[in-house]
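Some notes on the structure that comes next.
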Amino acid sequence: MKNRKRVLAIILFISMMLSTVFTGLPGRTEASAAPGSFAKGADISWLPQLEALGYKFYNDNGEEQDLLYILKDHGIDSIRIRAWVNPSDDPANGHNSTEEVVALASRVSALGFRVMIDFHYSDSWADPGKQVTPAAWADADLEQLKVHVSEYTTDVMKALQEAGVTPEWVQIGNEINNGMLHPLGSYSNIFNLVQLIQAGSSAAKAVFPDIKVIIHRANGAEAGVDPFYAGLVAAGLKDSDYDIIGLSYYPESTFTTSIDELSENMNKLEQNYGKEVMIVEVGGNVSEDVDSVHNMLVAAQNKLHAVPNQKGTGIFYWEPTGIMFDYPLSAWNKDGSPTIAMDAFIDGAVEINRYPVQSITLDQPETVIEVGGNGKLSAILSPENATYKGVKFTSSEPDVVKVDLYKGTLSGISPGTATVTAVTYDGGFTATSEVTVIPSTSLVQNPGFEDGLASWTLTGDESAVTIDKDVYSGSSALHYYSPTPAEFTVSQTITGLENGVYTLSAWVSGGGGEEVSEIFAGDSVQSFTNTGWQKWSKPVINDIEVTDGTLTVGAHYKLSDGQWGNLDHFELKEKDNTEYITVINPGFENVKEDGTPEGWTIPDTTPLTAGTGYTGEKSLGFWKDSAFTFEAYQELTGLTDGTYTLSAWSQGAGDEVKNQLYAVSGDQAPLTASFANKGWNKWNQAVVENIKVTGGTLRIGVSLDAKAGDWGSYDDFVLIKNSDEPGTEQPGTDPGTEVPPTEPGTDPGTEVPPTEPGTDPGTQVPPTEPVNPSPGSIPGSVPGDSSTPAVSGTPAAEPTASVINNTTVYSVIIKAAADAGKGVSTAKLDPSVMSGLLQKVKQSEAAGQSAAVEIRLDSAANVQAVQLSVSKEALKLLADGTKAGLKVEAGLAAITFDHQSVTAMGSAAADSEISINKLAASVLPENVQRVIGDRAVYDFSVKAGNAEITQFNGGTVKISLPYTPRTGEQTNTIVAYYIDPAGSLKPVRGGYDVSTGRVNLQTTHLSQYAAGYNEVKFSDVSSGHWYSEAVGYMAARGIVNGTGGNVFAPESKVTRADFLMMIMNAYGIEADSAVTGNFADAGNKYYSGYVGTAKQLGLVSGTGDNQFKPEAVISRQDMSVIFYNILKHLGELPSGKTGQSYENFADAAAVSGYAAESMRALVEAGVITGDGSKLAPMANTTRAQAVQVIYNAIK
């Protein structure tokens, strides 16, 4: 006892010293919130170790500050501290001894924080996966263990009391789903567990009678929460033993998949037990999506406030600064500053919705699955970077089709049809899919327990068995657990089987330790051992003989106590005696360095592309911008004489002239079968039967005759031998059957969800719209016949009108004369044609509408160059009589001249000849080829007589180039390039348009242009970040770079000079390194030329006294002023309104007067979206924010 008092005295002295050292306060301040009020807390048990290691913390203004003050400024009023019995000195996994707990509690209490003590009753971490008894207590029996718990709890409580700290809450155990102090205190020994909880609770209340005892369970949104507490009560836990039910909540990044379940659990717990409910641990991955974490925290607090009778009483973040120890679910930046997730604890915080959902579609408007089988629907949201990605799925006929509420997994229950509806969390947008369920072809009925225990017989201890969501496939599986010994068998008797040899398999997982765990088929048995949660294995029984058409299959378990596990997806298959013949590389998975598939001969590889597979990852893809033929084949030798069948799969546009699978044996006539392609990822099978092989050799392959722009792919060649006798030669079948693909490892009939073109990295065809205007022809026009040139200058049809971006475009098609030998098409635009167009343009302009003229050239499909002659009279008519621009759509590319450019051409002394030449990239320097690859380069020129017009008196020219994304390419990193006279690539403004399959760019001069792919990846920017698309777009174009070491540092602050450079790079404003008259503080730095050029052009005016303060961190309101002024100077101020109101932001009045106009304009145009309900005008701008703002304006 004397020793304990001496220790307590030392603890008290240390805690007093620490409170003085760290706070600088002579006495205790008022608590941040009154006891009993709603608690907003954080577990910062790592703080002393972080400080000892030299970590610093910085507030929102970038100033170094004590972490506790930063937390207070973000609304945190309570601190949770874990307590370990005899911990190590490991910085991340040790400490938290009694002395350290008291010291930290004294420090935070002195600052007015409320205190929670979290007893793990272990020497280190305790959670559902491990509840290790302290080493010093390891040999104790139950009675001794209760004494240890009581004495240890008392010692810590009295040490706090003597240090002047009164904790408001105490946790007896941490995440005790499976109990604590194993093995004696495991949940399977629930009566022991209750006694241990009571020992800790009574000891705490003996020292602090008013302290509130918390019993803490993890996985707060799961269905097992209420049964857990019900089990404790049934085992003797009394109402006086605890005061609060504590939960953990660590949702997925799409937290909307569990927030309602969390709320339902909390409400049910209050109803059933009358206790307060707290979320004592919460966290999310801010590196994936910081907005989502912020919104989750706001939503969780709202759900707590909604618990009946005001019994939702607090929330604690674990562990906000854990990023320093590489804990991924922290709420801090590596640079020591808080992320915006912490703003969720500030009073009045609301959810952030930077990118509201605008629409939803489903990847399969209709699909087919089997009874007992599974499928999956995937939601496609617009925009792709929508803030809220949550979707709920429901079925109109749950007895026919069951659908997972959040995942969209389909389960066939009975034959019929149902409508599955998807509804977005944000905005309530809906999309539907018609799902047809056909009879099962599976020999085992309800093989994955999707319809509960239907078709199965359960015998033995039935209470141990439930149907749960811990699945291998589908949405349901059989789950078992019993806290006491149990034994059960689940079985199904199958009748009507063909006599023969079969194989049975199932998928299993669990914690292990069962006395018996086995599957059986008749008298055959296969045992297995489970190894952990979600560690699925597949026991198999082979060579099962069926002689009377009947077989009983199932599983048998014997549990000692506390074992648990899952059983899913039985499959019974008759032994396959089919003789499969080896086809080399049948699925095109193996590709040589030159891009061609191993084992296959392809005479002409120019149409060859990489495709995504019917099964596997790859397929043999084809596409070309001109009419083409394509063949791939292989020669098989050493075959035995007999009759064979060949099959393969294809998908594609479906308008091919000929698309056939063929087989040729010796000198016999080819046998063929046609594919019936019907669209992207709609795979269909062609089968060639009765192939007679007599000489041991066989050529198999595909033959295609395609139109310009046709696309598709082939996959999965299979050759089987039917008999040893050569059959009668017959024509091949042509079923054209569209068959739902089967995903390996899923039920037969499971349909692989098709992928929308443009969203799958494997897309090898023009995305979004499978039939795009092909680069070699004009939709709706008749291709020119090279043998009989069309009459140049004759319109092929009357002008048509369409509205594009609020501009009425009047189009006319002109046939071009083709020179087949040179691959050049020529045409002439007569003044008479222009005169007719001008009348319509003038009518539109007189009505106050914008208008433009479009000349569409009907050229030969394989044309490599186009020339259009426009008389100076026609150009002058357009320039003088209207405000319209001129677009030339040549098929292989397009060019648009604004009105100022048209005026420049119309003032020339001669007719203008507009030329577009398609060049092979192989003629370009190697540095260009590395980026462009084998894609074409386009040379654009305008000549007036012998003079070439390259500049257009300040006018703007827009160019559109065809581009087909390849496997893995992200569309925002497809870049338009200008190739300068030195052969260097210069990125220009523009990007890929999914709707047209083209890259659009904007320039002020003509030269050679191309499109290439330049993805730049950073280790700290992932696809889930709200700014990832903007960073990818800007980095690909060299507008922004990383900070070194493959790091972008999105949360780092931006200087005034760096932001100015970003804007100038984005808008193509070149810096003059020799500029004079610069700001006095511009110096001779990397940014000096940019700052001086911006001053010379009038883009910036500085901060006064000829100062710009280039290295000062820029505030959000100053960012808006500089950006607004530059956009105004360029004539590119956004004119549209998004419906976002400037006045709706809570701090709009805090915007300084000089910044109000710019901030309002950019907010209402959607360029600046704010941080939740605030604009934070005085806050420093981060790199992520700066990039996103520029991207919002320029995209």
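The values are calculated or read from the model by the stated rules, or taken from the named source; none is laboratory data. Everything quoted here is computed from the prediction, not taken from an experiment. A quick note on method: Cβ atoms are made from the backbone with ideal geometry, for glycine too, and the neighbour counts reach across all protein chains shown.
Considering only residues that are hydrophobic (A, V, I, L, M, F, W, C) and either assigned by TED's automatic domain parsing to the domain that holds residue 129 or not in a strand (DSSP E or B) (or both), which ones fall in segment 489-512?
First pass over segment 489-512, keeping only residues hydrophobic (A, V, I, L, M, F, W, C): 490, 494, 497, 501, 504, 506-508.
Within segment 489-512, 497 is the sole residue that qualifies.
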Handout entry: Within segment 481-497, considering residues that are crowded, with 16+ Cβ neighbours inside 10 Å and more than 30 Å from residue 545 (Cα to Cα), the one nearest to the chain's Cα centre (by Cα)
Key = 481
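A quick yes/no check of all residues on (1) under 28 Å from the mean Cα position of the chain (by Cα); (2) crowded, with 18+ Cβ neighbours inside 10 Å; (3) small (Gly, Ala, Ser):
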residue: 234; (1), (2), (3): no, no, yes
residue: 238; (1), (2), (3): no, no, no
residue: 242; (1), (2), (3): no, yes, no
residue: 246; (1), (2), (3): no, yes, yes
residue: 250; (1), (2), (3): yes, yes, no
residue: 260; (1), (2), (3): yes, no, no
residue: 263; (1), (2), (3): yes, yes, yes
residue: 267; (1), (2), (3): no, no, no
residue: 270; (1), (2), (3): no, yes, no
Practice task
Determine, yes or no, whether residue 596 is free of Cβ contacts under 8 Å to residues at least 60 places away in the same chain and assigned by TED's automatic domain parsing to the domain that holds residue 500.
Solution key: no
Completion exercise
Subset of segment 972-1012, residues among the small types (Gly, Ala, Ser), more than 18 Å from residue 892 (Cβ to Cβ) and free of Cβ contacts under 8 Å to residues at least 60 places away in the same chain, comes to 982, 983, 984
Exercise for the section: Scan segment 626-637 and give yes if some residue there is of a type in the set (Ser, Thr, Tyr), buried (at least 20 other Cβ atoms within 10 Å of the Cβ) and in a loop (DSSP other than H, G, I, E, B), otherwise no. Expected result: yes
Exercise for the section: Inspect all residues belonging to segment 884-893 and state whether any of them is surrounded by fewer than 21 Cβ atoms within 10 Å (Cβ to Cβ) and either in a loop (DSSP other than H, G, I, E, B) or out of contact with any Asp or Glu (no Cβ under 8 Å at 6 or more places or on another chain) (or both). Expected result: no
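Return yes or no: is residue 845 modelled with pLDDT of 50 or more, touching a strand residue (DSSP E or B) at 6+ places or on another chain (Cβ under 9 Å), assigned to a loop (DSSP other than H, G, I, E, B) and of a type outside the set (Ser, Thr, Tyr)?
So residue 845 fails the test.
What strands (runs of 3 or more DSSP E) completely inside segment 959-1015 contain at least 3 residues that are buried (at least 23 other Cβ atoms within 10 Å of the Cβ)? If you could, list the steps in order and put the result at the bottom.
Numbers: elements: 974-979, 985-987, 990-993, 998-1003, 1008-1013.
Because the criterion is at least 3 residues that are buried (at least 23 other Cβ atoms within 10 Å of the Cβ), the strands (runs of 3 or more DSSP E) in segment 959-1015 that meet it are 974-979, 1008-1013.
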Problem - Search result, residues across segment 268-304 that are in contact with a Gly (Cβ under 6 Å, 6 or more places away or on another chain) and in a helix (DSSP H, G or I) - result: 288, 289, 293, 296, 304
Fill in the blank from the handout: residue 1070 fails exactly one of (1) under 18 Å from residue 1129 (Cβ atoms); (2) loosely packed, with under 14 Cβ neighbours inside 10 Å; (3) of a type outside the set (A, V, I, L, M); (4) modelled with pLDDT of 90 or more, namely (4)
Exercise for the section: Filter segment 368-402 for residues that are over 17 Å from the mean Cα position of the chain (by Cα), charged (D, E, K, R) and assigned to a loop (DSSP other than H, G, I, E, B) and give the result. Expected result: 397, 399
Problem - Residues being part of a helix (DSSP H, G or I), buried (at least 20 other Cβ atoms within 10 Å of the Cβ) and touching a residue at least 60 places away in the same chain (Cβ under 8 Å) - total across segment 1151-1192 - result: 9
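Just wondering, is there one or more residues in segment 596-605 that are modelled with pLDDT of 90 or more and among the small types (Gly, Ala, Ser)?
Just the residues of segment 596-605 that are modelled with pLDDT of 90 or more, to begin with: 596-605.
Subset that is among the small types (Gly, Ala, Ser): 599.
Yes, segment 596-605 contains a residue that is modelled with pLDDT of 90 or more and among the small types (Gly, Ala, Ser).
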Exercise for the section: Could you please give the count of residues in segment 452-482 that are within 17 Å of residue 570 (Cα to Cα) and part of a loop (DSSP other than H, G, I, E, B)? Expected result: 13
Exercise for the section: Looking only at segment 1093-1150, count how many residues are without any contact (Cβ under 8 Å) to a residue 24 or more places away in the chain, assigned to a helix (DSSP H, G or I) and within 18 Å of residue 1058 (Cβ to Cβ). Expected result: 1
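Report yes if residue 68 is modelled with pLDDT under 95, outside any loop (DSSP other than H, G, I, E, B) and crowded, with 20+ Cβ neighbours inside 10 Å, otherwise no.
Details: modelled with pLDDT under 95: no; outside any loop (DSSP other than H, G, I, E, B): yes; crowded, with 20+ Cβ neighbours inside 10 Å: yes.
When the stated conditions are applied, residue 68 does not pass them.
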Practice task
Would you be able to say whether some residue in segment 680-688 is in contact with a Lys or Arg (Cβ under 7 Å, 6 or more places away or on another chain), of a type outside the set (S, T, N, Q) and at pLDDT 90 or above?
Solution key: no
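Going by the structure shown, is residue 701 outside the structural domain of residue 862 (by TED's automatic domain parsing) and over 16 Å from residue 633 (Cβ atoms)? Write out each step before concluding.
Numbers: outside the structural domain of residue 862 (by TED's automatic domain parsing): yes; over 16 Å from residue 633 (Cβ atoms): no.
Spelling it out, it is not the case that residue 701 is outside the structural domain of residue 862 (by TED's automatic domain parsing) and over 16 Å from residue 633 (Cβ atoms).
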Exercise for the section: Answer yes or no as to whether residue 197 is within 28 Å of residue 482 (Cβ to Cβ) and either at pLDDT below 95 or crowded, with 23+ Cβ neighbours inside 10 Å (or both). Expected result: yes
Exercise for the section: Those residues that are touching a residue at least 60 places away in the same chain (Cβ under 8 Å) and surrounded by fewer than 17 Cβ atoms within 10 Å (Cβ to Cβ), I need them from segment 534-562; list them, please. Expected result: 534, 552, 560, 561
Handout entry: Hits in segment 457-478 (condition: more than 31 Å from the chain's Cα centre (by Cα) and within 30 Å of residue 392 (Cα to Cα))
Key = 465, 466
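When you look at residue 306, is it within 22 Å of the chain's Cα centre (by Cα), in the same structural domain as residue 58 (by TED's automatic domain parsing) and in contact (Cβ under 8 Å) with a residue 24 or more places away in the chain, yes or no?
Details: within 22 Å of the chain's Cα centre (by Cα): no; in the same structural domain as residue 58 (by TED's automatic domain parsing): yes; in contact (Cβ under 8 Å) with a residue 24 or more places away in the chain: yes.
No.
If only one of 614, 580 is in a strand (DSSP E or B) and either more than 30 Å from residue 455 (Cβ to Cβ) or charged (D, E, K, R) (or both), which one is it?
Testing whether each residue is in a strand (DSSP E or B) and either more than 30 Å from residue 455 (Cβ to Cβ) or charged (D, E, K, R) (or both) leaves just 580.
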Handout entry: Residue in segment 128-146 that is among the acidic types (Asp, Glu) and buried (at least 20 other Cβ atoms within 10 Å of the Cβ) present
Key = no
Handout entry: Of all residues making up segment 458-471, the number that are surrounded by fewer than 21 Cβ atoms within 10 Å (Cβ to Cβ) and either of a type in the set (D, E, K, R) or in contact with a Gly (Cβ under 8 Å, 6 or more places away or on another chain) (or both)
Key = 6
Practice task
Might you let me know whether segment 1100-1108 holds any residue that is over 22 Å from residue 975 (Cβ atoms), at pLDDT 85 or above, in contact with a Leu (Cβ under 8 Å, 6 or more places away or on another chain) and not aromatic (Phe, Trp, Tyr)?
Solution key: yes
Problem - Residue match in segment 1127-1148 (condition: crowded, with 19+ Cβ neighbours inside 10 Å, under 30 Å from residue 1003 (Cβ atoms) and modelled with pLDDT under 90) - result: yes
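Considering only segment 383-423, state which residues are of a type in the set (Asp, Glu), surrounded by fewer than 16 Cβ atoms within 10 Å (Cβ to Cβ) and over 30 Å from residue 994 (Cβ atoms). Full working, then the answer.
Keep residues of segment 383-423 that are of a type in the set (Asp, Glu), which gives 384, 397, 399, 404.
Next, from what is left, pick out any that are surrounded by fewer than 16 Cβ atoms within 10 Å (Cβ to Cβ): 384, 399.
Passing the criteria: only 399.
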